[in-house]
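Novice: Sharing a structure, written as structure tokens. Questions coming.
The values are calculated or read from the model by the stated rules, or taken from the named source; none is laboratory data. These numbers come from a predicted model, not from an experiment. Every residue, glycine as well, gets a Cβ built from its backbone with ideal geometry; the counts of neighbours run over all protein chains shown. Ligands, DNA and RNA are excluded from the accessible area calculation, which covers all protein heavy atoms including side chains. Shrake-Rupley method; radii C 1.70, N 1.55, O 1.52, S 1.80 Å.
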Amino acid sequence: MYKRLKQYETKFNISFFISSILSGIATWITIIFIKNPLLIEGELLIFTTLLAILLVNLGIDLIHKGHDNSWIFVTNPNQIKISTSTKCEHKPSLLSNRLLSKFFKKRWAHFMIILPSFIVFYIVMVSGLIGVQSLNNAGLNLVNFAPDISWLLWFPLLWLLTWIANGRTWCQTCPFSGQAEWLQRLHPWKKTSKKLGKRLRWPLKYSTILYSAIGFSILTWIEEFYNIGGPGLPMLTSVVLIYIALLEVTIALLFQERTFCRTICPLSAPLAVTTMISPLGTFRVKDQEKCKNCATKDCMRGNEKFHGCPWFASPGSKENAGFCGMATDCYKACPHDNIDVPIKRFPWLDDLFVNRKRFDVALSVLILLGVVFFQFFNALPLYAFLDHWLSQVTGWVSIANVLGEGLNKYGWLTNGYPMPLDYAMLNLVPIIIVTLSSRGNKWKFTSISYSLIPLFAATILSRNIPKFVGGSLLILNEIFSPTGVHLTLRETLWGSILHKLGSNPCSATAEWWALLIMEAINIFGIYLSIKAARRLSEYDGVPLNNYLIPIITLGGSFVLITYWMSSPMNPAMPFYNKYLGNLLYNPLQAQPPF
């Protein structure tokens, strides 16, 4: 058995090695000879995805010689019993509402949930490809539906869902996973006798969300490099969406169920960790004893009428709280009506307090927090100075211009930002801080990382607030003209309203009061992280100071950078610093950047 597993893992890695080489050659040919910017972007996305998967697999092979996924889990060496009486009780439940309960029991319910977003995102893809592509002097396109709804509304709402429902709410409505699943199951909602595709198993050893966390970091770099989320050129947004849609369908036809969602999707890791501290839970069993005594396990295996869980996330396991994709299959299939969606009591942190934690989740949290740290730090003049200098010294700026060749005619320009080396270094900042605080102890490292989940969930929302409050109303201009034809921003109703409110979307800045919202969210994240740290210190046997040092260091940095990056950047003002902006100014003068 072990020999067969090893052979399968070897073939699996060889396949990705060959695919990476072929993709790399195709990317090189596209850059040197074809010089089509859309193809270059698409090839870069495919190549970096394949290479990331291969490198993660090789890294796992180095630290774990077995063929199971035991390397993922870290067990509390103190084995302290966690008293449920001190934890938040999950009452009431979402599905105690009869209308919701009946709706989720319907076979077609999940299809109807996905259908609206499916229609919208296909409109987005088409609008981005055929619509107005020109950029203003700030490198922004503010008249096309595709980038505006994607980056001014959808992306901020994605993180807002963490605090009003749960992160996995998007997974429940995702059009890309929906269409792949409909194709794989050969019907949008009925269970058929056959499924389409090879249905290969993703090796258990490599079943980790590290692919997702690293993929999120890589996708963020590509987005920043091409200024896709500026919002920039609409066609570049469409390419990203087409890439994700095609990749998901390909994985669905090769592997079992929602393998893409569980492992590769760049949003899976951030949504998994934020769901762990959301007010709304995921599908869970009501009575553990009834679940243990169930012989059929229809929730996982399915039955003659309904599919089992496509995420392979047992509703009976608390460790799977963040890995339930809210697909509703388990709820429909359970013959005992023993599954529910709990509503947690504030501060919604119970899912962090388990004796067996996941090391890959801990590492993913720090990678994701590093991405957010970059997104804050890059708004300071200091970063622009360092990035430009490093791009010039290394010659990166010449390579950057080749990667963007053909986009100049639309107004796209680059000075090499962001230089991959300084991007990677800033991404590593949280990992370095937590490693030093834990002194290399794996259990401490994991537990401390769990305490930073609220800080990540808060800061990624905070950083997207300026786009949301300073630009999302522009979408109302584009509903009847999604391609942006005949739209002039300042002459539109909602463009003029934003200007009257104090926002200046043409210069990518929001109203001054957006700063207050951002700082409130940052401080709330610090508060919850400290609250989590106190409980984790008690349960996990790690000194409280080991948690507080990373929380205060990183949290304090986010608060200060938010204030400095929102300054007017006026050299004539007192306390001006050419590297940090105005160190002290009246918040009424704030100009929070997109």
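Novice: Report the charge-dipole magnitude of the range 1-65 in Debye, nearest 20, computed about the Cα centre from +1 at each Lys and Arg Cβ and -1 at each Asp and Glu Cβ. Write out the running numbers ahead of the final one.
Specialist: Values: 6 positive and 4 negative charges, 80 e Å.
In debye, rounded to 20, the range 1-65 gives about 380.
Novice: Before I look further, what does the range 1-65 give for accessible area per residue, probe 1.4 Å, in whole square angstrom?
Specialist: Working: 3950 Å² over 65 residues.
Per-residue value: 61 Å².
Novice: Between residue 200 and residues 5 or more places away or on another chain, which pairs have amide H atoms under 5 Å apart, with H built 1.01 Å from N, and which residues are they?
Specialist: Residues meeting the amide H criterion: 255, 256.
Novice: Counting Lys and Arg as +1 and Asp and Glu as -1, what is the net charge of the other residues whose Cβ lies under 15 Å from the Cβ of residue 107? Before the final figure, lay out each step's value.
Specialist: On the way: positive: 102, 105, 106, 185, 190, 191, 305, 332; negative: 181, 298, 304, 329.
Around residue 107, the surrounding residues sum to +4.
Novice: Next question. Under 24 Å between alpha carbons: how many lysine pairs meet that in the range 1-65, if sequence neighbours fewer than 8 apart on the same chain are excluded?
Specialist: Values: 3/11; 3/65; 6/65; 11/65.
Lysine pairs meeting both conditions in the range 1-65 amount to 4.
Novice: Can I ask one more? Compute the FRET efficiency between residue 36 and residue 476 as 1/(1 + (r/R0)^6), taking r as their Cβ-Cβ distance and R0 = 30 Å, and round to the nearest 0.05.
Specialist: Numbers: r = 34 Å, r/R0 = 1.12.
Step by step, r from the Cβ atoms, then E = 0.35.
Novice: Hey, if you put +1 on the Cβ of every Lys and Arg and -1 on every Asp and Glu Cβ in the chain, which of 382, 38, 523 ends up farthest toward the positive end of that dipole?
Specialist: With unit charges placed on the Cβ atoms, the residue in question is 523.
Novice: While we're looking at this one, here's another question. Could you pull out every one of the aspartates and glutamates with an alpha carbon less than 19 Å from that of residue 106, ignoring same-chain neighbours closer than 8 positions?
Specialist: 181, 298, 304, 329, 337, 340
Novice: How high is the relative contact order of the chain, in percent, counting Cα pairs under 8 Å that sit 6 or more residues apart? Don't jump to the answer; show the numbers that get you there.
Specialist: Working: 1037 pairs, mean separation 107.5, N = 594.
That works out to 18 percent.
Novice: List every residue whose amide H lies under 5 Å from the amide H of residue 339, counting only residues 5 or more places away in sequence or on a different chain, with H placed 1.01 Å from N in the peptide plane.
Specialist: Those lying under 5 Å, H to H, from residue 339 are 286.
Novice: Put +1 on the Cβ of each Lys and Arg and -1 on the Cβ of each Asp and Glu in the chain; which of 279, 564, 220 then has its Cα farthest toward the positive end of the dipole?
Specialist: Selected residue: 279.
Novice: Rolling a 1.4 angstrom probe over the protein heavy atoms, how many square angstrom per residue are accessible across the range 358-583?
Specialist: On the way: 9120 Å² over 226 residues.
Averaged over the residues of the range 358-583, the accessible area is 40 Å².
Novice: Given only helices, namely DSSP H runs of n ≥ 4 each adding -39500 (n - 2.57), what is the per-residue ellipticity at 222 nm of the chain, to the nearest 500 deg cm²/dmol? Show your work: numbers first, answer last.
Specialist: Values: 25 runs with 324 residues, N = 594.
Helix-only estimate at 222 nm: -17500 deg cm²/dmol.
Novice: Determine the dipole magnitude for the range 358-583: charges of +1 sit on the beta-carbon of Lys and Arg, -1 on that of Asp and Glu, nothing else is charged, the reference point is the Cα centre, and the result goes in debye to the nearest 20.
Specialist: Details: 13 positive and 10 negative charges, 89 e Å.
Dipole of the range 358-583, to the nearest 20 debye: 420 debye.
Novice: Which far-off residues, 5 or more places away or on another chain, put their amide H under 5 Å from the one on residue 582, with H placed in the peptide plane?
Specialist: HN-HN under 5 Å from residue 582: 567, 569, 570, 577.
Novice: For a protection proxy built on the mean count of beta-carbon atoms within 10 angstrom, sort 568-579, 455-466 highest first, please. List each step's numbers first, then the result.
Specialist: Details: 568-579: 12.8, 455-466: 26.8.
Going from most to least packed, we get 455-466, 568-579.
Novice: In the chain, once you exclude exposed GluC sites (Glu not before Pro) (DSSP loop, at most 14 other Cβ within 10 angstrom), what's the longest stretch remaining?
Specialist: On the way: sites that count: 89, 304, 405.
Longest stretch, sites excluded: 90-303.
Novice: How far, in degrees from 0 to 90, does helix 359-377 lean away from the longest principal axis of the Cα atoms of the chain, to the nearest 10?
Specialist: Compared with the principal axis, the helix lies near 10 degrees.
Novice: Starting from the residue with the highest accessible area, list 201, 185, 107 in decreasing order, probe 1.4 Å.
Specialist: The most accessible residue leads, giving 201, 107, 185.
Novice: To the nearest 10 degrees, how steep is helix 381-394 against the longest Cα principal axis of the chain, on a 0 to 90 scale?
Specialist: 90
Novice: Let me ask another. Helix 234-254 against the longest principal axis of the chain: what's the angle in degrees, Cα atoms only, rounded to the nearest 10?
Specialist: Long axis of 234-254 versus the principal axis of the chain: about 20 degrees.
Novice: Straight-line reach from residue 444: which aspartates and glutamates have a Cα under 13 Å away, not including same-chain ones fewer than 8 places off?
Specialist: 538, 540
Novice: Now, a different point. Residue by residue, what Karplus-based ³J(HN,Hα) values in Hz, rounded to whole numbers, does the range 12-17 have, using 6.51, -1.76 and 1.60 with θ = phi - 60° and x for Gly and Pro?
Specialist: Whole-Hz 3J(HN,Hα) from phi for the range 12-17: 4, 6, 5, 4, 6, 5.
Novice: Next up: Hey, any idea what % of the chain's accessible area is carbon plus sulfur with a 1.4 Å probe?
Specialist: Here carbon and sulfur together make up 66 percent of the probe-accessible area.
Novice: Let me check I've understood the local charge: for residue 366, count other residues with C-beta under 14 angstrom from its C-beta, Lys and Arg +1, Asp and Glu -1. What total comes out?
Specialist: Details: positive: 357, 358, 442, 444; negative: 360.
With Lys, Arg at +1 and Asp, Glu at -1, the net is +3.
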